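First comes the structure, then the notes that go with it.
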Amino acid sequence: MQLRRRRLIAASGLATAGFIVPRVALGPTDRRPSITIAVQQISNSASLEPLREQSNVGSRTFSFIFETLIMQNLMGQLENKPGLAESWKRIDERTVELALRKGVKFHNGDEMTADDIVFTFGPERMFGYDYDSGANKTLFTTVLARDSIEGKKLPAEVIGIAKRTFPSLEKVEAVDKYTVRFVNRVPDATLEGRLTRNCGAIFSQRAFAEAKTWLDWARQPVGTGPYRIVDYKPDAELLLEAFDDYWGGRPPIKRIRFVEVPEVSQRVNGLRAGDFDFACDLPPDQIATVEASPRLEVVGGPIMNIRLTIFDKHHPTLKDPRVRRAMTHAVDRQAIVDALWSGRTKVPKGLQWDFFGPMLPGDWAVPAYDPAAAKRLLKEAGYDGAPVPYQMLNNYYTNQLQTAQIMVEQWKAIGLNVAIEMKENWGQILGKFPGRGICENSNSSWFNDPVASLSAYAPGGQTWEAGQWENEAIVPLMESLQAGIDLESRRRDFRRILTILEREDPVYNVIHQNATFTAKRRDYKWRPAQSFVVDFRASNWG
């Protein structure tokens, strides 16, 4: 090979006296690591548009690809903090004005301005030009049609989730290039909190316009976060790379690759073999197995999500609220926490969170574990032993099947016959068909007010749209809670809503506060957030 090279040089006339080989200027070596993360699933809807993918698995990646005007401090006390807006102020009970950061770049190189904010919250992306308030739908009702979207037409879920998140938004206007004003139709004490939801992530107007179809856009949306999308293969993998023009400074990771590995054992084995650097959604009983290796560790703990089951009140047996109440009294929640979570999480005080602050009714609790009361309620309801179906996916949630099996035995102990039915997708669980009974679910409070959690059980929320549960008494209470300004009135509304949802006409059964555990290489110094988010900003790396 060396002889051949010399002959080629001579033949080209380069082997002459005084010939100097030029030096190639090399840039500094990028020593940032590239990492691979094994997850149970990347997206339910085969898209990365937050208004379509409102799920636990989808929220894992959103916060470091897209960003909101106001952010929730997931590494602190869950308080609001500046995001793409440097500051904000109340103009009146209906209006919030925000000052944008200057020089923020989208992943396509464009500077973010007020026009992009107006677009993000406008009819083209969020509400649709022919919005019908009677056509609200939630995420999972048409999830099976995820690839059959025509042109730029917005999927029904997008419009429904937008309306549920911002139910009374009148307009968003640009005051000047770096100032925007949000105006609500009614007073809203929670508007700042609503803006922290990933539904309010800010996107490039030009990038949306240039996308050929809505689906093309939804699989590679252009945001402002520290990492940009390089490639997304639905149901397989997502590849991100550092966006070095990020307004918050140079990201610490060069490339991030998410791969779908549904089985826990495969995620653990791949991590131990060195195929993955991180493995998400680890059950506590696998922690010792992982940490038997000196190069691996497990981090994580409770997050702002509550695991629960949903009742279909139209099932012949469950239509009597006394049966549903009996089921809530039959569940020994602490036994589930101790057996499946090694005490690493807790039983919450119903559907509420400490960071609700003054809105928190401190004396509230989940229905007490009381088998005697449960048996009495079943007898009063005249329960005849008919089976109640329990539809669920195979461990979409960590410890899902094991939790269901324990509850089935606890219900059996009070004389209730519950039969587990395994399903393949959410459409088979939430579709409007006969025979639905109980199904799995969870609830996250996306900001520091009860409205964030309760909207799922009001008109436009998932249980109403899926035809599982409704109660007209909730309607005026939710309207009052959402438009209320007086603290004491809102506290009364919240307590009354909890009374209906958890005691009088139960829609759900609270099980435990969720927790996430991530197995990782010990040499990577990374701190998890108090949510499903697996963030890789400089603030929690190194």
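Checked against the criteria, G193 counts as under 18 Å from the mean Cα position of the chain (by Cα) and closer than 21 Å to F66 by Cβ. Those residues that are part of a loop (DSSP other than H, G, I, E, B) and in contact (Cβ under 8 Å) with a residue 12 or more places away in the chain, I need them from segment 271-290; list them, please. Within segment 271-290, D275, F276, D277, C280, D281, L282, P283 meet the criteria.
Given the options A326, A335, name the one that is open to solvent by 30 Å² or more (accessible area, probe 1.4 Å), part of a helix (DSSP H, G or I), at pLDDT 95 or above and not basic (K, R). Within the list A326, A335, the selection yields A335.
Here N56 meets each of (1) at pLDDT 95 or above; (2) part of a loop (DSSP other than H, G, I, E, B); (3) polar (S, T, N, Q); (4) in contact with a strand residue (DSSP E or B) (Cβ under 8 Å, 6 or more places away or on another chain) with one exception, condition (1).
For the residues I253, I336, I287, I306, the requirement of being out of contact with any helix residue (DSSP H, G or I) (no Cβ under 9 Å at 6 or more places or on another chain), among the β-branched types (V, I, T) and within 30 Å of N443 (Cβ to Cβ) singles out I287. The single condition from (1) surrounded by fewer than 23 Cβ atoms within 10 Å (Cβ to Cβ); (2) touching a Ser or Thr at 6+ places or on another chain (Cβ under 8 Å) that D505 fails is (2).
For segment 226-270, list the strands (runs of 3 or more DSSP E) that sit wholly inside it and hold at least 2 residues that are under 19 Å from the mean Cα position of the chain (by Cα) and within 10 Å of A38 (Cβ to Cβ); which are they? It comes to 255-260. Filtering segment 517-527 down to residues that are surrounded by fewer than 21 Cβ atoms within 10 Å (Cβ to Cβ) and in contact with a Ser or Thr (Cβ under 9 Å, 6 or more places away or on another chain), which residue is farthest from T36 (Cα to Cα)? Looking at the filtered set, the residue picked out is R527.
If you go through segment 38-48 one residue at a time, do you hit one that is at pLDDT 95 or above, over 24 Å from W353 (Cβ atoms), in a strand (DSSP E or B) and open to solvent by 60 Å² or more (accessible area, probe 1.4 Å)? Checking segment 38-48: not a single residue is at pLDDT 95 or above, over 24 Å from W353 (Cβ atoms), in a strand (DSSP E or B) and open to solvent by 60 Å² or more (accessible area, probe 1.4 Å). On inspection, Q72 fails the criterion of being modelled with pLDDT of 85 or more and among the polar types (S, T, N, Q).
The values are calculated or read from the model by the stated rules, or taken from the named source; none is laboratory data. A quick note: this is a predicted structure, and the numbers were derived from the prediction, not measured. Positions of Cβ are backbone-derived with ideal geometry, glycine not excepted, and every protein chain shown enters the neighbour counts. Ligands, DNA and RNA are excluded from the accessible area calculation, which covers all protein heavy atoms including side chains. Shrake-Rupley method; radii C 1.70, N 1.55, O 1.52, S 1.80 Å.
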